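Undergrad: Below you will find the structure I want to go over with you.
Nothing in this text is a laboratory measurement; each read-out follows from the coordinates by a stated rule. No experiment lies behind these values; they were computed from the predicted model shown. Don't worry about glycine lacking a Cβ; one is built from the backbone with ideal geometry, like all the others, and counts go over all protein chains shown.
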Amino acid sequence: MAPKEPEYRVVYSTDNGSVCPSCQKPTKACTCTQDRRKAVVGSGAVRVRRETKGRGGKTVTTISGLAMNVEQLTALLKDLKRVCGAGGAVKDGVLEVQGDHCETVMQQLAKRGIAPKRAGG
């Protein structure tokens with residue numbers, strides 16, 4: 001009887017390049033990140049708030065709870081940044097627009113048929 005070889009998890013291989021930590025496939029063949037991008041992120045209760053905490057005193061308008069996937073959130077953020085004339089980012093399903101643009105964002109969301117609520121002060 002031949003000795004059994006121990007099973008090892010491939011961390012990196014020059015054969016295929018780096019390996020996805022979730023599915024253990026090469027990153028070029030990984031499908032789990034594509035599936036995550038297509039998943040709906042929010043709950044549907046849309047909240048618009050103005051935040052400054054943890055941002056060095058800079059004001060940011062955040063939009064959370066949108067029931068959209070990452071690609072739809074990115075497209076919506078692109079339009080909001082254009083209308084507000086500001087930068088922004090999508091972080092963990094929350095849209096961030098630089099500056100205090102709560103009223104403008106709420107008007108734009110209402111035009112798209114989304115009923116936002118103002119949160120915070």
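Undergrad: Within the range 49-95, restricting attention to residues that are among the acidic types (Asp, Glu) and outside any strand (DSSP E or B), which residue is surrounded by the fewest Cβ atoms within 10 Å (Cβ to Cβ)?
TA: To start, the set of residues in the range 49-95 that are among the acidic types (Asp, Glu) comprises 51, 71, 79, 92.
Next cut, outside any strand (DSSP E or B) only: 71, 79, 92.
Working: Glu71: 11, Asp79: 11, Asp92: 6.
Among residues in the range 49-95 that are among the acidic types (Asp, Glu) and outside any strand (DSSP E or B), the one surrounded by the fewest Cβ atoms within 10 Å (Cβ to Cβ) is Asp92.
Undergrad: Kindly provide the set of residues from the range 96-121 that are in a helix (DSSP H, G or I), polar (S, T, N, Q) and buried (at least 16 other Cβ atoms within 10 Å of the Cβ), ordered by number.
TA: Here is the first cut: in the range 96-121, the ones in a helix (DSSP H, G or I) are 102-111.
Of the ones still in play, those that are also polar (S, T, N, Q) are 104, 107-108.
The answer is Thr104, Gln108.
Undergrad: Among the candidates Gly93, Gly65, single out the residue that is under 22 Å from Lys117 (Cβ atoms) and in contact with a Leu (Cβ under 8 Å, 6 or more places away or on another chain). Walk me through it before giving the result.
TA: Numbers: Gly65 fails: in contact with a Leu (Cβ under 8 Å, 6 or more places away or on another chain).
Exactly one residue qualifies, and that residue is Gly93.
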